[in-house]
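One structure below.
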Amino acid sequence: MRFSRRSHAEPEKHSDNLPSRALLWLIASFGLLLTPQTDRLPVWLILVCIVLAGWRWLAQQGRVRLPGRLLRTGIMLALIAVYLVQVRGSFTVDTAASFFVLTVGLKWLETRTARDFYVLFYILVYLATVNFLFHQEIHWALVNVGAIALLLIGLQVLNAPELPGGIKAGWRRLGVMLLKVLPIVVLLFVFFPRMEPLWSVPLVSGQARSGISDTMRPGDISSLAQSSERAFRVTFGGPMPEHRDRYWRGLILDTLDKGTWRQSGYEPYRRPGRVNVDGGVGELQPREYDVLMEPTDQRWAFALENSLAVSDNVVKEEDDLFRFRRPADSAVRYRLALGDSAGQVSQSLKANEARRYLQLPASGNPRARALAEELRQSSDDMGVVRTLLNRFREQPYFYTLRPPRMPNDGIDSLLFDEMRGFCAHYAGAATFVLRSAGIPARVVVGYQGGESGAGNEYLVIRQYDAHAWVEAWIEGRGWIRIDPTAAIAPSRIESGLREAVAEEGSFLENSWASAQRYGNVTAIRWVSQQLDRINYQWQRWVVGYQGQSQLDLMSRLPGGFGMKELGYLTAGIVGVGLLVAGLISALQIRRGARRDPYGRVLAAWYQLCDRAGVPVRSGETPTALASRLAGAEPGVADSARLFARMVNSHYYKAPSRAGEGAQNSDDELKRLRRLLSTMKRQLRRAGKQQPGTSGFNAHSGKHSD
């Protein structure tokens, strides 16, 4: 049985009312946890959460009253009805997470007592884990950790309001706890057999994301070029290809319908499954490259020409395209290798494929059709291609992010009137002319280029690198790449979009807050690259650390490690950790007992009572024990009751004024020891303890009869 000194502030902890300071920390944590979800939550839901949490705080200040049961029920039903109208029957992980946020907001209206604090505490901890479904970047992880820290500070305020030092001391205690558990957490993270993480569950949200789509209208890609969001990053096992060779193929558009290019096929329905976000398979070989792609909610993967799949989370399909087995609604890492196309003999194009790549509307753009007939009369297929590219190169065509609006027969308007456009305009027009000349052709959509990351360790491909070009079928050569943009604006292919539109000044003109807009400023570029490097390594080695990545790391240890050995190692680490923690706790308890002379005197009294045939009972107070001892041995009644009163006075009395505490404590300790010696003599005279027994002296400190 142990006692600790408490102040008069303790009754507040057991009060039914929730302390204001604890509630404030709870609300602050809730606000921080909402921040990562503001990009997907509807505005009305965010406002509702703010209003409900604010209502609770105003009620704590006594300015308003919390609603009664009937009003709470009405508010709940009304908000659920609004939610159901908003989701329109679309129940996914995304909508379920939104509903969970709504229920957390409603919980504020019934948070009144300490018990409610604990319930909301654990709910908010779970909300932090839900955030990882949608954002795994390092800065959002730090936001979640900060929110959990606020919750723990609030927990300290609720359970130990008498702890000294205020907020600063609370943060210090949290830091000490973190340092104690961090080594164990790191060891378990590295060695514990990896399971599929929370964020690998299929979201199937249908949420719109920035990126290329399976249709292309003339202005689509020029709008995408105003976004600096990352599309993917690439690490090469060997040297990086030149900028002009970085054509990242994504999908093929082969059907023209009312001015829109689209895929002729369709994506078959696939049952939702888990995302295999880990495509790492050991160290990169010289011709291999790793791609870490941002979520797209699409199945297509991006790859250089003549690539081969190395990891098993991508599949190569026809037309040299790569696909995931299910939509990539989480960041995904996959590995490819550059193949050797030298010496490959192209087969003839099948009849159904020729019809597919020659399809055109029955009418429209007569001048472009006439141009195709003119080119065909004087040249073979390859000659038509060269003449068309020379036309783009020699005549005053301009590459611009501010293309004019094209009327009906937009291809005619582009080729003969406006002569100003973006890559999508020129790729679509070139494909139309080639098909009109009887040459099978198709539009390829993907990305071109990419800028080096920090230290030239990897490439960063952003949305403004989105690009469209043409592939034409030439008998005997197969599909060849034709890029009108390379003829009109070579700097776009050689150096990137920034250089291509530098004179026009339209690069990211609508994204004033983007660091890439100011990439010509050395300091801004350096800071941006360093932050991106940190996030990239976080994505690769923390978020993506699972399965194969863990086994690859373990295989580098002496002797090699499989899953079986990994399990044994983990069990050993856990066992050793528990043993060390137990030893540390035991040493701390023993050290604490040595530092507490009152505790030693009290322990000696318990031993004395036990020898007198009155053993202490679990949870028994000193007063109750003294009464039982007095009943069994009336000769020690007065000494025992006085001893118990002094013990109670020491542990429960109000703190003394400064300067008096140390002297009073020493005097009390001396009196307790004298009383203990008196009871020992009285029991000895009564025959309850043999003369010369030294058990008391061994525990109570120095004193004599």
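The values are calculated or read from the model by the stated rules, or taken from the named source; none is laboratory data. What you are looking at is a predicted structure, and each value in this text was computed from that prediction instead of being measured. Positions of Cβ are generated from backbone atoms using ideal geometry, with glycine treated the same way; all protein chains shown enter the neighbour counts.
Residue 172 meets all of the listed conditions (1) in a helix (DSSP H, G or I); (2) under 25 Å from the mean Cα position of the chain (by Cα); (3) modelled with pLDDT of 75 or more but one, namely (2). With respect to the conditions (1) surrounded by fewer than 20 Cβ atoms within 10 Å (Cβ to Cβ); (2) in contact (Cβ under 8 Å) with a residue 60 or more places away in the chain, residue 396 lacks only one, and its number is (2).
Is it the case that residue 496 is of a type in the set (Gly, Ala, Ser) and without any contact (Cβ under 8 Å) to a residue 60 or more places away in the chain? No: the conditions fail for residue 496.
Does residue 133 satisfy the criteria of being in contact (Cβ under 8 Å) with a residue 24 or more places away in the chain and outside any helix (DSSP H, G or I)? Break it down into steps so the answer makes sense when it comes.
Working: in contact (Cβ under 8 Å) with a residue 24 or more places away in the chain: yes; outside any helix (DSSP H, G or I): yes.
Yes.
Would you check which residues across region 612-636 are among the polar types (S, T, N, Q), under 17 Å from residue 649 (Cα atoms) and either in contact (Cβ under 8 Å) with a residue 40 or more places away in the chain or not in a helix (DSSP H, G or I) (or both) and list them? Within region 612-636, just 621 meets the criteria.
In the condition set (1) touching a residue at least 40 places away in the same chain (Cβ under 8 Å); (2) among the hydrophobic types (A, V, I, L, M, F, W, C); (3) over 21 Å from residue 56 (Cα atoms), residue 102 is compliant with all but (3).
Could you check region 670-705 and list, in sequence order, the residues that are in a helix (DSSP H, G or I), modelled with pLDDT under 50 and touching a helix residue (DSSP H, G or I) at 6+ places or on another chain (Cβ under 8 Å)? Within region 670-705, 695, 696, 699, 700 qualify. Scanning region 415-431 for residues that are touching a residue at least 24 places away in the same chain (Cβ under 8 Å) and assigned to a helix (DSSP H, G or I) yields 415, 416, 423, 424, 425, 426, 427, 428, 429, 430, 431. Of everything listed in (1) modelled with pLDDT of 80 or more; (2) assigned to a loop (DSSP other than H, G, I, E, B); (3) under 27 Å from residue 19 (Cβ atoms), the single unmet condition for residue 162 is (1). Being among the charged types (D, E, K, R), at pLDDT 70 or above and under 22 Å from the mean Cα position of the chain (by Cα) holds for only one residue in 525, 533, 517, and it is 533. Residue count for region 178-221, restricted to those that are touching a helix residue (DSSP H, G or I) at 6+ places or on another chain (Cβ under 6 Å), at pLDDT 55 or above and over 30 Å from residue 409 (Cβ atoms): 7. Looking at residue 51, is it of a type in the set (Val, Ile, Thr), more than 18 Å from residue 19 (Cα to Cα) and under 26 Å from the mean Cα position of the chain (by Cα)? For residue 51, the condition - of a type in the set (Val, Ile, Thr), more than 18 Å from residue 19 (Cα to Cα) and under 26 Å from the mean Cα position of the chain (by Cα) - is not met.
Only residues that are under 23 Å from residue 225 (Cβ atoms) and of a type in the set (A, V, I, L, M, F, W, C) were counted across region 406-455, and they come to 15.
Only one of these is modelled with pLDDT of 90 or more and not in a loop (DSSP other than H, G, I, E, B): 360, 375. Name it. Step through it out loud before you land on a result.
Details: 360 fails: not in a loop (DSSP other than H, G, I, E, B).
Step by step, each of 360, 375 is checked, and only 375 is modelled with pLDDT of 90 or more and not in a loop (DSSP other than H, G, I, E, B).
Scanning region 329-351 for residues that are modelled with pLDDT under 90 and closer than 18 Å to residue 318 by Cα returns 339, 340, 341, 344, 345, 346, 347, 348, 349, 350, 351.
What number of residues within region 51-74 satisfy the criterion of being of a type outside the set (Lys, Arg) and surrounded by 15 or more Cβ atoms within 10 Å (Cβ to Cβ)?
Qualifying residue count for the region: 8.
The set of residues from region 378-414 being in contact with a Phe, Trp or Tyr (Cβ under 6 Å, 6 or more places away or on another chain) and in a loop (DSSP other than H, G, I, E, B) comprises just one member, 403.
Scan region 217-266 for residues that are part of a loop (DSSP other than H, G, I, E, B) and hydroxyl-bearing (Ser, Thr, Tyr) and report the count.
So the first thing to find is which residues in region 217-266 are part of a loop (DSSP other than H, G, I, E, B), and the list is 217-219, 225-229, 237-242, 246, 254, 258-259, 263-266.
If we keep only those that are hydroxyl-bearing (Ser, Thr, Tyr) as well, we get 227-228, 264, 266.
Count: 4.
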